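Novice: Let me begin by handing over the structure; questions about it come next.
Readers should treat all values here as calculations from the given coordinates under stated rules, not as data from a laboratory. All of these numbers come straight from a predicted model, not from anything done at the bench. Virtual Cβ from ideal backbone geometry, glycine too; neighbours counted across all protein chains shown.
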Amino acid sequence: MTKAPWLTIIGIGEDGRAGLSPAALAALDRAEFVIGGARHLELAAPLSALTQVWPSPFTEGYPMVLARRGQPTCVLATGDPFHYGVGAELARLVPADEIVCHPQPSAFSLAAARLGWSLPDCDCVSLHGRALERIIPSLQPGARILALSWDGSTPGKLAELLKARGMCASTITVLEAMGGPRERIRTADAARFDMAGIDPLNTIAVEVVAPQGARVVPLTPGLTDSWFENDGQLTKAEMRALTLAALAPKAGELLWDVGLGAGSVGIEWCLRHPRNRCIGIEERPERAERARRNAQELGATALDIRIGQAPEALADLPAPDAVFIGGGASEPGVFDAAWTVLKPGGRLVVNAVTLETETLLGMLYAKHGGTMRRLALSRLEPVGGMHGWRAAMPVTQWVVTKP
């Protein structure tokens, strides 16, 4: 049964009540309870309702909202509450037909309007409460990026990241407190970035200049091996490209990478789409730390590394959409543990280089079907003063889809 809307989510800008629509103002005036950040409540003043500043941690405020169910309640947010805002979280707790939302332009929309940029042609990312490195895949030649800052230190940190990746000539524009009397816009290139006193409420616009030699992450699977720090435990570029093709990632899917090694397969899975996630299992702490560094260098911030040995380390993990077993496939119980929880329609890929693992794959193929192929690769290498083909160990790959 549909309930009458009782929860109003209001996007408020730096111009406060003056920028609110008549419907939003009416909702504020009839509300019995209003919750928002301290800045939001100040911008919306005067308020006759009971007010509450969002607690820390933020999630402790949700029960306060739900306790008011059926009573006129307002949540204040910045700009568009459903664009990296609180709106989506509240909609997971409250049915949409019980919510009315009055959005205002998002920081992205305001920044694009100030700069004359086409918003659909920009990469829009949030660095608020998130790792700075998540912007790395977007650092492509000629890209225009709009990024929400965590605080006033974010623009300087981003300038250092751009310099470290050889993109010193990139232009950084910092847009502070847009839409209000404190609005300020300043521009500098990454190499000479020295802005002081940046308002914590800021959005960063980047025009990327990436000359030859800059560390730009290619968009293709099978990144050159040199991208990955490793101790030899690495799925090589050509094999990695074929493995990614076999895993067939789709947007928003979760991969288990069992026997993570240098993390190359899990990292490239995450790079295929911003919503892709990977849980990597690695029993050796030094390899896990190396994989963590590789993920940071490539901006694969959705790689979650667990130190442990399969199959025990697989217990209680969220069910995967795909599984890659690059090491430890011959250990008792590893395949069964992964296969049991793999979602229907999920893909499982095992690469084997030893006769013992290859024998096991033959038995699994006879029982579960799928496809098998043997992949042999040779690379041209120096032989004295000349060159010859050096063969890598052949890899037997089994690919199976769970019914």
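Novice: Using helices alone, what [θ] at 222 nm do you get for the chain, with -39,500 (n - 2.57) per DSSP H run of 4 or more residues, divided over all residues and rounded to the nearest 500?
Specialist: -7500 deg cm²/dmol
Novice: Express in whole angstrom the spacing between the alpha-carbon centres of the stretch 281-344 and the stretch 160-225.
Specialist: Spelled out, the Cα-based centre of one part sits 34 Å from the other.
Novice: Right, here's the next one. To the nearest 20 debye, what is the magnitude of the charge dipole of the chain about its Cα centre, counting +1 on the Cβ of each Lys and Arg and -1 on the Cβ of each Asp and Glu?
Specialist: 580 debye
Novice: For a label point 7 Å from the Cα of ASP29 along Cα→C-beta, name the residues of the stretch 40-77 whose backbone N is under 12 Å from it.
Specialist: 48
Novice: Further question on the same structure: Relative to a virtual label point 7 Å from the Cα of ARG215 in the Cα→beta-carbon direction, which members of the stretch 236-266 show backbone nitrogen distances below 17 Å?
Specialist: 263-264
Novice: Which GluC sites (Glu not before Pro) does the stretch 62-148 hold that lie in a coil by DSSP with at most 14 other beta carbons within 10 Å?
Specialist: Here no GluC sites (Glu not before Pro) fit, given the DSSP loop and packing criteria.
Novice: What is the percent of Cα-Cα separations in the chain that go past 38 Å?
Specialist: Value for the chain (Cα pairs over 38 Å): 37 percent.
Novice: Further question: Please go through the stretch 247-302 and write out the trypsin sites (Lys or Arg not before Pro) that DSSP classes as loop and that have at most 14 other C-beta atoms within 10 Å.
Specialist: Those that pass, being in a loop and sparsely packed, are LYS250, ARG275.
Novice: So if R0 is 56 Å, what FRET efficiency would MET64 and TRP339 give, r being the distance between their Cβ atoms, rounded to the nearest 0.05?
Specialist: Once rounded, the FRET efficiency stands at 0.80.
Novice: As I understand it, the value is the acute angle between the Cα axis of helix 237-247 and the longest principal axis of the Cα atoms of the chain; what does it come to in degrees, rounded to 10?
Specialist: 70 degrees
Novice: Here's a follow-up. Have a look at THR401, PRO55, ALA18 and report the one farthest towards the positive end of the charge dipole of the chain, computed about the Cα centre with Cβ charges (Lys/Arg +1, Asp/Glu -1).
Specialist: Final value for the positive-end residue is THR401.
Novice: As a test of the definition: which semi-axes, in Å, follow for the stretch 48-88 when you take the square root of five times each eigenvalue of its alpha carbon gyration tensor? Largest first, please.
Specialist: Computed over the stretch 48-88, the values are 17, 13, 11 Å.
Novice: Using unit Cβ charges (K, R positive; D, E negative) and no other charged atoms, how large, in debye to the nearest 20, is the dipole of the stretch 71-150 about its Cα centre?
Specialist: Once rounded to the nearest 20, the dipole reads 260 debye.
Novice: Among ALA322, PRO311, ALA177, whose Cα lies farthest out toward the positive end of the dipole of the chain, if unit charges sit on the beta carbon of Lys, Arg (+1) and Asp, Glu (-1)?
Specialist: Toward the positive end, the furthest listed residue is ALA322.
Novice: Another one. May I ask you to compute the full-extension gain from TRP117 to ARG182, defined as 0.36 nm times their residue separation minus their alpha-carbon distance, rounded to one decimal in nm?
Specialist: Residue separation times 0.36 nm, minus the Cα-Cα distance, leaves 21.2 nm.
Novice: Related question: Scan the stretch 160-214 for GluC sites (Glu not before Pro) in coil per DSSP, keeping those whose Cβ has at most 16 other Cβ atoms within 10 Å, and list them by number.
Specialist: Listed in order of number, the matching sites are GLU183.
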